[in-house]
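Notes for the one structure printed next.
The values are calculated or read from the model by the stated rules, or taken from the named source; none is laboratory data. Keep in mind that what you see is a predicted model, and the values were worked out from it rather than measured. A quick note on method: Cβ atoms are made from the backbone with ideal geometry, for glycine too, and the neighbour counts reach across all protein chains shown.
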Amino acid sequence: MNPINNYPQPANRQVEVADILRCHIGDYLKKYNMPPEHYRVVYDILNCRTAYLGGHVEMCDQCAAERILYNSCRNRHCPKCQTITKQRWLSARQAELLPVNYFLEFSKNSSLTNCDYGIFIAMQPLGD
Ligand SMILES: [Zn+2]
């Protein structure tokens, strides 16, 4: 049993943001006011890929094995939904890398970029 939600979970399951919200959102709301737009984000994260959002059954056409897949919330703030997008972005960036060693350069000079935080980040190959 998972101590967070009392539902049986696989042994290798990691704690998710939704688990933390389930444990603490009640106490948080007793202490603080949450902006209305944040309620939707919390609702989506809590219900993402659960039976609450519905789902469908996939069946293997070779062995007839079935598995249940629950629908995603598709909220851009949801870490579950953004994992695939993040992995695709990282894979695309990794495909652009040259086969050399790289180093990162950080600068606080905001005049170099239009970056919101005024941090300039350059990734340059070290050369061979
Ligand atoms: Zn989601």
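Some points to look at:
- When Leu69 is tested against the conditions (1) surrounded by 13 or more Cβ atoms within 10 Å (Cβ to Cβ); (2) at pLDDT 90 or above; (3) not hydroxyl-bearing (Ser, Thr, Tyr), the lone failure is (1).
- Ser91 at pLDDT 90 or above and within 16 Å of the ligand (Cβ to nearest atom): no
- Failed item, numbered, when Lys86 is tested on (1) within 22 Å of the chain's Cα centre (by Cα); (2) away from the ligand (no atom under 12 Å from the Cβ); (3) modelled with pLDDT of 90 or more; (4) not small (Gly, Ala, Ser): (3)
- Being of a type outside the set (Asp, Glu), under 20 Å from the mean Cα position of the chain (by Cα) and more than 11 Å from the ligand (Cβ to nearest atom) is a property that Arg67 lacks.
- Scanning segment 63-88 for residues that are part of a loop (DSSP other than H, G, I, E, B) and touching a Gly at 6+ places or on another chain (Cβ under 6 Å) returns a single hit, Asn71.
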